[in-house]
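Below you'll find the structure, written out as structure tokens, and then a few comments.
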Amino acid sequence: MPTSLPISSMSIYACRDTLAAGLVTRFSGLHPSDTPAVHRAAMPRGVDVKSLESTPAIVTPLRSPSLDEIHNLAITRAWASGAWDITLSLTSPLDDSAIMMVVAGKDYDLAPGLRDALISAGQKGRLALWLWRPIHRGSPTRGLAHAAKDRTLQPDGSRAGEPPEGLKRPIWSWRGSRQWTIRLGQWSETHRPATAAQRRYLAVLLSQRRDATPIPALLSFARASEWIDTLKGDSA
């Protein structure tokens, strides 16, 4: 298994009805898979298929008594891998235009029955997907982009300890499409963006001074605080 290759992304697919679930690890920088294509005509109505574009696609079957446990597992893995956030998507029933990945090449042989369970879930609109992009063992470019802004990262891009308690929980009874993005990273003081309240206050202070200076789109929390203090001092 070429574990020295950078990890592109990791995801967990799970059926809300059967709780069949699989962890999929994708590696980047590889040649297209030579796995035989799966034809649309062979699939049930309303389900489209595409295989992973890279090989190997390492698929690990997961067995869990509840979606909450799978959710906690995904959060824990994403946290440890240094991912900035994790996205959870719940599908609505699929129609003819829907596209869903239900095949991960020959490696699904490692998880007997998982492929069929995912296809069945796609037909019923009962598929849940967690997706995250790790910093630890991920793309070096991604690591450089996040190293300074995220104060929770260790030098190797991983995180120590357990994820914070009380991370937003999904509503499993939801019947339509729904998506949550749960942020795991924490801004460093240097890179923390200005808040909406700071921007509104700056706009008021500049308006009072009849100052037409635009508020930059990329304004840090620290710079906004300094600017507010300066404007308040000038008007004192």
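The values are calculated or read from the model by the stated rules, or taken from the named source; none is laboratory data. What you see is a predicted model; the values in this text were computed from it and never measured. Calculation scope for accessible area: heavy atoms of the full protein, side chains included, ligands and nucleic acids excluded. Shrake-Rupley method; radii C 1.70, N 1.55, O 1.52, S 1.80 Å.
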In whole percent, the fraction of accessible protein surface over the range 139-236 that belongs to carbon or sulfur atoms, probe radius 1.4 Å, stands at 54 percent
Once phi for every residue in the range 128-142 is put through the Karplus expression 6.51 cos²θ - 1.76 cosθ + 1.60 (θ = phi - 60°), the whole-Hz ³J(HN,Hα) values, with Gly and Pro written as x, are 10, 9, 9, 9, 8, 10, x, 8, 5, 6, x, 4, x, 4, 4
Heavy-atom accessible area per residue of the range 126-236, all protein chains kept, 1.4 Å probe, expressed in Å², is 65 Å²
Which residues qualify? For residue 150, with a placed amide H closer than 5 Å and at least 5 residues away or on another chain, they are 188
